[in-house]
Amino acid sequence: MNLPTRNLGTTGPRTSALGLGCMGMSALYGDADRTESVATIHAALEAGVTLLDTGDFYAMGHNEMLIGEALRSAPAGLRENALTSVKFGALRDPDGGWSGYDGRPAAVKNFVAYSLQRLGVDHIDVYRIARIDPDVPIEETVGAIAELIEKGHVRHIGLSEAGAETIRRAAATAPISDLQIEYSLISRGIEESILPTTRELGIGITAYGVLSRGLISGHFTRDRQLAANDFRAFSPRFQGENLQHNLDLVERLRKIAEQKGVSVAQIAIAWVLGRGEDIVPLVGARTRARLTEALGALDVTLDDADLTAIEEAVPADAAAGERYPAAQMAHLDSER
């Protein structure tokens with residue numbers, strides 16, 4: 001199948017208009033089914049999705065190995081079309097804890113060596129530090145990735161959750177293909193200064209969290225019990241009165257979706273798709289059914305009346321609660 005395509009910035013690769021975020025197949029959203037995860041990756045490739053996004057720290061390498069397994073078992077033509085987008089730098093411990101980020105050049109080269117092996121590929125298409133290391137100038141981190149490009153191990157440099165000033169410094173060091181950052185109907189912080197900066201510099205956006213971790217998918221319910229290994233159990237937007245407030249927003253959105261004959265998830269994804277050709281939403285589908293629903297967003301057209309109704313139902317600052325717990329918010333250069 002041929003899906004619409006978009007370019008990741010002026011220097012990045014051409015990719016499908018929707019990418020597949022694979023994190024939830026291994027970590028942070030509770031238990032996942034490995035067989036269904038591989039089948040979902042295969043289904044995505046067969047549907048024309050080319051961009052597969054992961055992080056080397058998702059379940060301490062499990063997610064990269066899962067993608068590697070899926071790529072090895074996929075038909076050759078599909079395997080060759082796949083583009084890998086990898087985040088690195090997060091430091092973990094055997095108990096699953098987090099201990100900061102490492103953007104030192106030596107660490108960058110160490111991380112990539114392991115990722116190449118786990119993925120079973122000879123290069124990574126887009127490589128990016130997951131969070132900016134405050135102790136290492138971004139110029140040094142980006143410079144190390146540029147050296148990996150010269151040696152053929154990486155094709156393009158990306159950023160993740162970087163603020164406007166950091167983006168400018170990185171772009172002055174080497175060509176940046178895209179910025180990966182949360183962007184959805186209820187997470188619109190990039191619109192003030194970050195998005196204007198990336199557009200000025202010709203840098204694309206890969207938008208994650210377009211369904212706000214399932215919160216605005218139309219499938220999340222007030223009485224849903226989250227597992228202990230599901231980080232949403234600690235996410236401010238899923239807590240108490242915040243959750244009820246946010247689900248009320250979803251019900252407003254549902255009325256608009258029903259009038260158009262589409263699902264809540266489809267209208268939420270379509271809204272992000274409509275924000276610009278320089279934006280590639282990542283959908284975190286963990287099953288083939290959710291993938292099929294997400295791909296349906298590509299057929300949804302929002303006219304001016306639809307957009308007005310959506311803005312009235314879910315204003316830019318409507319969400320209750322921060323998008324991460326306080327300790328994680330402190331690591332976000334994009335929020336400074």
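The alpha-carbon atoms of segment 18-87, seen along their principal axes, cover 31, 23, 21 angstrom, with the largest extent given first. Computed with a 1.4 Å probe over protein heavy atoms only, the accessible surface of the chain comes to 42 Å² per residue. Over segment 181-255, Cα pairs under 8 Å with separation of 6+ residues give a relative contact order of 28 percent.
In terms of its C-alpha gyration tensor, the chain has a rounded overall shape, because the principal axis ratio a/c (a ≥ b ≥ c, square roots of the eigenvalues) stays below 1.5.
Sequence-distant contacts, meaning Cα pairs under 8 Å at least 6 residues apart, place the relative contact order of segment 12-104 at 28 percent. Of the beta bridges in the chain, as assigned by DSSP with both residues counted there, near 20 percent are antiparallel.
Per-residue 3J(HN,Hα) values for segment 298-315, derived from phi via the Karplus relation 6.51 cos²θ - 1.76 cosθ + 1.60 with θ = phi - 60°, read 5, 9, 8, 10, 9, 8, 4, 5, 4, 5, 5, 5, 5, 4, 6, 6, 10, x Hz in sequence order (x marks Gly and Pro). Distance between the C-alpha centers of segment 193-268 and segment 283-313? Whole Å please. If you average the Cα positions of each part, the centres end up 11 Å apart. The slack in the chain from D304 to D317, taken as 0.36 nm per residue of separation less the alpha-carbon distance, amounts to 2.7 nm. I'd like the distance separating the alpha-carbon centroids of segment 94-147 and segment 27-48, in whole Å. Spelled out, the Cα-based centre of one part sits 25 Å from the other. Ligands, DNA and RNA left out, the accessible area of the chain computed with a 1.4 Å probe is 50% carbon and sulfur.
Which GluC sites (Glu not before Pro) does segment 230-336 hold that lie in a coil by DSSP with at most 16 other beta carbons within 10 Å?
E277, E322
Using a 1.4 Å probe and counting only protein heavy atoms, arrange S26, S235 so the residue with the most accessible area comes first.
Largest accessible area first, the list is S26, S235.
Highest GNM mean-square fluctuation, the chain, Cα pairs closer than 10 Å: which of Q239, Q225, Q117? The residue that fluctuates most here is Q225. Comparing T40, T173, T141 in a Gaussian network model of the chain, where Cα atoms under 10 Å apart are tied by springs, the biggest mean-square fluctuation is seen for T173.
The values are calculated or read from the model by the stated rules, or taken from the named source; none is laboratory data. Remember, predicted model here, so these are calculated numbers, not experimental data. All Cβ positions, glycine included, derive from the backbone under ideal geometry; neighbour counts span all protein chains shown. Ligands, DNA and RNA are excluded from the accessible area calculation, which covers all protein heavy atoms including side chains. Shrake-Rupley method; radii C 1.70, N 1.55, O 1.52, S 1.80 Å.
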